[in-house]
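Enquirer: Dropping the structure in here first, questions after.
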Amino acid sequence: MLKERMEKHLKEQPAELYEKEKEYAQKQGLLNDAHEAGIKNPEDRFNDAYIERGDKETEEVLGQEPAGFLNQPIDYFKNHKNEFMYLESKWFDLIGADAVSFETDDVFGNYEVMLGLKLPKKAESAIRAFIDENTLTGTPKYSLMFSQQDGLWDFNFSLNDLEGFKEELSIKDAYQLVYKFLFNLVSEVEETRNK
């Protein structure tokens with residue numbers, strides 16, 4: 001899982017580490033003297049991501065966007081309620097998250113995150129325990145359903161429930177928050193399973 005994907009990443013791109021990955025790799029004993037490279041700026045994490053805007057009703061692609069699109073405030077999606085954003089990144093691949101979509105909920109106006117998560121079906125109780133313990137509300141808004149067909153968890157949750165959320169976030173900052181939450185989730189689930 002995460003440990004194996006991290007080992008592969010370190011072999012292929014040893015100098016490409018951010019603080020979160022370096023901490024994890026150190027904890028897992030995956031770093032050696034060759035990995036003394038500096039920490040990359042987290043602002044650059046999604047610079048090479050594939051980004052699309054789509055229509056929520058038809059799922060028609062409205063446009064492919066450059067990384068600069070991420071600098072806009074998240075309220076872009078409150079002003080364009082018919083749109084969602086789809087982002088693919090090697091960093092989400094690293095943690096086993098399959099393309100992360102982002103939109104505003106039509107009813108409550110919350111910011112919703114949707115993705116597929118590569119964790120085993122038997123990890124359900126660990127996933128739910130992590131969500132319950134690491135969100136801001138006593139009753140976090142999320143849905144989690146395992147797809148036998150894909151072998152993925154269909155996972156939707158509210159960005160508003162994450163620590164660090166505020167209305168003034170940029171889209172890039174929102175994705176950083178999502179990445180940190182998912183990285184911690186996958187790491188903790190893997191650790192729980194290995195005990």
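Enquirer: Taking region 42-55, which residues are surrounded by 14 or more Cβ atoms within 10 Å (Cβ to Cβ) and more than 11 Å from TYR86 (Cβ to Cβ)?
Expert: Across region 42-55, the qualifying residues are PRO42, ARG45, PHE46.
Enquirer: Let me ask another. Under 7 Å by Cβ, and 6 or more places apart or on different chains, what pairs join a residue from region 28-57 that is under 14 Å from GLN13 (Cβ atoms) with one that is modelled with pLDDT of 95 or more and of a type in the set (S, T, N, Q)?
Expert: ARG45/GLN176
Enquirer: Can I ask one more? Which pairs turn up if I take residues in region 1-20 that are on the phi < 0 side of the Ramachandran plot and look for partners that are at pLDDT 90 or above and surrounded by fewer than 17 Cβ atoms within 10 Å (Cβ to Cβ) with beta carbon separation below 8 Å, at least 6 apart in sequence or on another chain?
Expert: ARG5/ASP93; LYS20/LYS180
Enquirer: Which numbered condition in (1) open to solvent by less than 40 Å² (accessible area, probe 1.4 Å); (2) more than 15 Å from the chain's Cα centre (by Cα); (3) within 21 Å of LEU169 (Cβ to Cβ) is the only one that ASP106 fails?
Expert: Among (1) open to solvent by less than 40 Å² (accessible area, probe 1.4 Å); (2) more than 15 Å from the chain's Cα centre (by Cα); (3) within 21 Å of LEU169 (Cβ to Cβ), ASP106 violates only (1).
Enquirer: Here's another thing I want to ask about it. Can you tell me which of LEU70, LEU30, LEU94, LEU62 is under 13 Å from the mean Cα position of the chain (by Cα) and surrounded by 14 or more Cβ atoms within 10 Å (Cβ to Cβ)?
Expert: Numbers: LEU70 fails: under 13 Å from the mean Cα position of the chain (by Cα); LEU30 fails: under 13 Å from the mean Cα position of the chain (by Cα); LEU62 fails: under 13 Å from the mean Cα position of the chain (by Cα).
Only one candidate qualifies: LEU94.
Per-residue answers, yes or no, for (1) more than 23 Å from GLU23 (Cβ to Cβ); (2) of a type outside the set (Ser, Thr, Tyr); (3) in contact with a His (Cβ under 9 Å, 6 or more places away or on another chain):
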{"residue": "LEU119", "(1), (2), (3)": "no, yes, no"}
{"residue": "LYS122", "(1), (2), (3)": "yes, yes, no"}
{"residue": "ASN134", "(1), (2), (3)": "no, yes, no"}
{"residue": "TYR179", "(1), (2), (3)": "no, no, no"}
{"residue": "GLU188", "(1), (2), (3)": "no, yes, no"}
{"residue": "THR192", "(1), (2), (3)": "no, no, no"}
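Enquirer: Related question: Determine the pairs where a residue that is closer than 23 Å to SER187 by Cα and in contact (Cβ under 8 Å) with a residue 24 or more places away in the chain, located within region 93-122, has a partner that is in a loop (DSSP other than H, G, I, E, B) and open to solvent by 10 Å² or more (accessible area, probe 1.4 Å) with Cβ atoms under 7 Å apart, the partner being 6 or more residues away or on another chain.
Expert: GLY96/MET1; GLY96/LYS118; ASP98/LYS118; GLU112/ASP105; GLY116/ASP150
Enquirer: Here are some conditions: (1) small (Gly, Ala, Ser); (2) over 17 Å from the mean Cα position of the chain (by Cα); (3) open to solvent by less than 40 Å² (accessible area, probe 1.4 Å). GLY138 meets all but one. Which one does it not meet?
Expert: GLY138 satisfies all of (1) small (Gly, Ala, Ser); (2) over 17 Å from the mean Cα position of the chain (by Cα); (3) open to solvent by less than 40 Å² (accessible area, probe 1.4 Å) except (3).
Enquirer: Can I ask one more? Among the residues of region 71-88, is there at least one that is among the β-branched types (Val, Ile, Thr) and not in a loop (DSSP other than H, G, I, E, B)? Show your work before the answer.
Expert: So in region 71-88, the residues among the β-branched types (Val, Ile, Thr) come out as 74.
Narrowing further to those that are not in a loop (DSSP other than H, G, I, E, B): none.
The answer is no; no qualifying residue exists.
The values are calculated or read from the model by the stated rules, or taken from the named source; none is laboratory data. Bear in mind the structure is a predicted one, so any value in this text is a computation, not a measurement. All Cβ positions, even for glycine, are placed from backbone atoms using ideal geometry, and neighbour counts span all protein chains on display. Areas reflect the complete protein model, heavy atoms only, side chains present, ligands, DNA and RNA absent. Shrake-Rupley method; radii C 1.70, N 1.55, O 1.52, S 1.80 Å.
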